[in-house]
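A.B. asks: Provided herewith is a single structure, encoded as structure tokens, for subsequent inquiry.
The values are calculated or read from the model by the stated rules, or taken from the named source; none is laboratory data. Please read these numbers as outputs of a predicted model, since none were measured by experiment. Note that we place each Cβ from the backbone using ideal geometry, even for glycine, and neighbour counts take in every protein chain shown.
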Amino acid sequence: MSYTYDDQNIFAKILRGEIPNGTVKETEHTLAFNDIQPQAPHHVLVIPKGAYVTADHFAASASDAEIADFWRCFGTICGELGVTPDQGDGYRIISNAGQNGVQDVPHFHLHILAGRPLGRMLNS
């Protein structure tokens, strides 16, 4: 499958330093920052620094180092927030892809949401 990456998307601009962000954690291959419109007390976006459009694109095309760094960064953030089930009350991660997934920014990213009951994900 072919993926076309738009290097003018807001996350690409954040990665280039053109738009400021509330950095939570940065590693060699990953950047995490607070969402500007939080939907929960903790709402962190985790993005790879590489040009990946969706989760499946990242899984298929990223290097082993990028994949390991991304998921380890995610796990570290959950621990630092104290939201893992053994430390707190848990979290939800969301990644939207494409039109039916209501993806707003064409750069793969995870939303970490935590800090309150989030209800069921889908009702139908």
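A.B. asks: From the list Thr76, Thr84, which residue is outside any strand (DSSP E or B) and either modelled with pLDDT under 95 or in contact with a Cys (Cβ under 7 Å, 6 or more places away or on another chain) (or both)? Outline the logic, then answer.
C.D. replies: Numbers: Thr76 fails: either modelled with pLDDT under 95 or in contact with a Cys (Cβ under 7 Å, 6 or more places away or on another chain) (or both).
Going through Thr76, Thr84 in turn, just one is outside any strand (DSSP E or B) and either modelled with pLDDT under 95 or in contact with a Cys (Cβ under 7 Å, 6 or more places away or on another chain) (or both): Thr84.
A.B. asks: Could you identify the single residue in Thr4, Thr27 that is loosely packed, with under 13 Cβ neighbours inside 10 Å, closer than 23 Å to Ala59 by Cβ and either among the polar types (S, T, N, Q) or under 14 Å from the mean Cα position of the chain (by Cα) (or both)?
C.D. replies: Step by step, each of Thr4, Thr27 is checked, and only Thr4 is loosely packed, with under 13 Cβ neighbours inside 10 Å, closer than 23 Å to Ala59 by Cβ and either among the polar types (S, T, N, Q) or under 14 Å from the mean Cα position of the chain (by Cα) (or both).
A.B. asks: Please specify each residue of region 26-47 satisfying the condition of being of a type outside the set (Ser, Thr, Tyr), out of contact with any Leu (no Cβ under 8 Å at 6 or more places or on another chain) and under 20 Å from Asp69 (Cβ atoms).
C.D. replies: Of everything in region 26-47, those that are of a type outside the set (Ser, Thr, Tyr), out of contact with any Leu (no Cβ under 8 Å at 6 or more places or on another chain) and under 20 Å from Asp69 (Cβ atoms) turn out to be Glu26, Glu28, His29.
A.B. asks: Quick one: in region 41-54, which of the residues that are out of contact with any strand residue (DSSP E or B) (no Cβ under 8 Å at 6 or more places or on another chain) and in contact (Cβ under 8 Å) with a residue 40 or more places away in the chain is surrounded by the most Cβ atoms within 10 Å (Cβ to Cβ)?
C.D. replies: Checked region 41-54; the qualifying residue surrounded by the most Cβ atoms within 10 Å (Cβ to Cβ) is Tyr52.
A.B. asks: Please determine, by comparing only the residues of region 84-117 that are of a type in the set (A, V, I, L, M) and touching a residue at least 12 places away in the same chain (Cβ under 8 Å), which one is farthest from Ala62 (Cα to Cα). Step through it out loud before you land on a result.
C.D. replies: Initial filter on region 84-117 (of a type in the set (A, V, I, L, M)): 93-94, 97, 102, 105, 110, 112-114.
Subsequent filtering for residues that are touching a residue at least 12 places away in the same chain (Cβ under 8 Å) retains 93-94, 97, 105, 110, 112-114.
Values: Ile93: 20, Ile94: 19, Ala97: 17, Val105: 19, Leu110: 15, Ile112: 21, Leu113: 25, Ala114: 27 Å.
The extreme case among them is Ala114.
A.B. asks: Which one of His57, His29, His43 is over 17 Å from Val105 (Cβ atoms), at pLDDT 95 or above and of a type outside the set (Val, Ile, Thr)?
C.D. replies: Unique residue meeting the criteria: His29.
A.B. asks: Can you pull out every residue in region 87-102 that is within 17 Å of the chain's Cα centre (by Cα) and either at pLDDT 95 or above or among the small types (Gly, Ala, Ser) (or both)? Before the answer, list the steps.
C.D. replies: Step one: of region 87-102, the residues within 17 Å of the chain's Cα centre (by Cα) are 90-98, 101-102.
Gly90, Tyr91, Arg92, Ile93, Ile94, Ser95, Asn96, Ala97, Gly98, Gly101 - these are the residues of region 87-102 that are within 17 Å of the chain's Cα centre (by Cα) and either at pLDDT 95 or above or among the small types (Gly, Ala, Ser) (or both).
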